[in-house]
Amino acid sequence: MEWLDYAKFKILNSKKPITFVGHNSKFFYGNPPRKDNEILNTSGYEGVIDYDPSELVVVVRCGTSITKLESLLASKNQTLGFDPPRFLARSSKTNKLSPSGTIGGMVATGLEGPQRIFNGSCREAVLGLSILNSDGELLKFGGTVIKNVAGYDISRLHVGAMGTLGLILDISLRVKPLPMTERTIAIPAKFFQMIQIVNNFFSDYLPISSTSWTNNSVYKFFEKEMLILRLSGPKKSVAKALEHIFRCQKEAYIVEKERADSYWNLLRDQRFSFFTAPLGGGFLWRVSLPFGNDFVSLDKLDQWAEWGNALRWVRTDKDPEWFFSFIKSQGGNATIYRVPEDLITTQDRFTRPEWIEKELQTKIKKKLDPKFIFNPGRLYSFI
């Protein structure tokens, strides 16, 4: 039996809700799946369906490994651009831990890495996709061209929906050329200095592809309170940007390439101890903020800032309900990203939507998953 026939059979004959699993590298993210759900593993549905480097578009199956796709793109001097994290997962064949994750999981979670501010989001990269709904029907949305304005953009509804709207099968993705030149700069900076420097450099239209700052020391890399910038683009553009930075910041220095590449990869894959160390009684939060927001009240918390200060990772034991409300009052959005392994909680991990958003999301769920069997409760407890 072909994998697609098997998936359709399982969906039509399942007596229980279904949880979709690829490499299971993002199991920690979102509300935990219900223990009595049936498991549908997508890793068997893999491979590149179509790739035309000249069109900057690739079509892949959901079970395709992120690392395999990126190797193919790199051979043509191209990249996904938004740095999807490749979390460590244990191989079923070798039993070894290695950077992993599938394209289906990447789209379902919508997670992005350091270069998102420069290259756009996962949602922007998705041009089209096909799904199986809970009636076993094959539905196709979007296309394989960058300019596609026909009808509602249903395909991008699935980005970040945690697999609650259907089984994602084939995905069309826009890809980007690899930058001609990259340089990484380190600048000593306290919290408020970091905010000012970042805002000024973005106002100067420098080719900044990534920013990083933390008030924790980064073992073997930098002391705490260092602003790290990555410049990407044509050689002349990067050279002019370097001259400007050195004029403005006398203590700035260039980080050697091997060290810089290692740093950005470890940050992308969240392998620094800030992300992996035991949480004690607190949570690791993912906080999105309006660009340029000073957010003074987070100054003394353990945090890591990316995306020009628009993304904050925060470790804190503050009451979750209070923290959700506080971030919302500041115009931001909070997600409980990780919880202690031994903690059992019914707390929704994502910011609860307003009643009108809740009603709309429920209607969409009923339309695409009328039987309510796909990953129930994974995104919000009500769907």
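The values are calculated or read from the model by the stated rules, or taken from the named source; none is laboratory data. Keep in mind the model is a prediction, meaning the values are calculated, not measured. Note: ideal-geometry Cβ built from the backbone for every residue, glycine included; neighbour counts use all protein chains shown.
Worth pointing out:
- Any hit, the stretch 227-235, residues being more than 19 Å from ILE117 (Cβ to Cβ) and touching a Lys or Arg at 6+ places or on another chain (Cβ under 7 Å): no
- Residues in the stretch 102-137 that are in a strand (DSSP E or B), in contact with a Gly (Cβ under 8 Å, 6 or more places away or on another chain) and surrounded by fewer than 23 Cβ atoms within 10 Å (Cβ to Cβ): GLY128, LEU132.
- Some residue of the stretch 344-356 being surrounded by 12 or more Cβ atoms within 10 Å (Cβ to Cβ), touching a residue at least 24 places away in the same chain (Cβ under 8 Å), assigned to a loop (DSSP other than H, G, I, E, B) and out of contact with any helix residue (DSSP H, G or I) (no Cβ under 8 Å at 6 or more places or on another chain): yes
The rows are residues; the columns are (1) of a type in the set (Lys, Arg); (2) modelled with pLDDT under 95; (3) in contact with a helix residue (DSSP H, G or I) (Cβ under 9 Å, 6 or more places away or on another chain); (4) under 19 Å from LEU169 (Cβ atoms).
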| site | (1), (2), (3), (4) |
| --- | --- |
| THR19 | no, no, no, yes |
| ASN37 | no, yes, no, no |
| LEU40 | no, no, yes, yes |
| TYR51 | no, no, yes, yes |
| VAL57 | no, no, no, yes |
| LEU73 | no, no, yes, no |
| PHE82 | no, no, yes, no |
| SER91 | no, yes, no, no |
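- Of all residues in the stretch 191-214, those that are touching a residue at least 12 places away in the same chain (Cβ under 8 Å) and either aromatic (Phe, Trp, Tyr) or in contact with a helix residue (DSSP H, G or I) (Cβ under 7 Å, 6 or more places away or on another chain) (or both) total 16.
- The condition (being under 30 Å from THR102 (Cβ atoms), touching a Pro at 6+ places or on another chain (Cβ under 6 Å) and not assigned by TED's automatic domain parsing to the domain that holds GLU70) is satisfied by just one residue among SER210, SER262, SER237: SER210.
- Among the residues here, PHE28 qualifies as within 22 Å of GLN270 (Cβ to Cβ) and not aliphatic (A, V, I, L, M).
- Within the stretch 238-288, the residues that satisfy the criterion of being within 30 Å of TRP322 (Cα to Cα) and not in a loop (DSSP other than H, G, I, E, B) are LEU267, ARG268, SER273, PHE274, PHE275, THR276, PHE283, LEU284, TRP285, ARG286, VAL287, SER288.
- Taken over the stretch 202-236, the criterion of being on the phi > 0 side of the Ramachandran plot and aliphatic (A, V, I, L, M) is satisfied by no residue.
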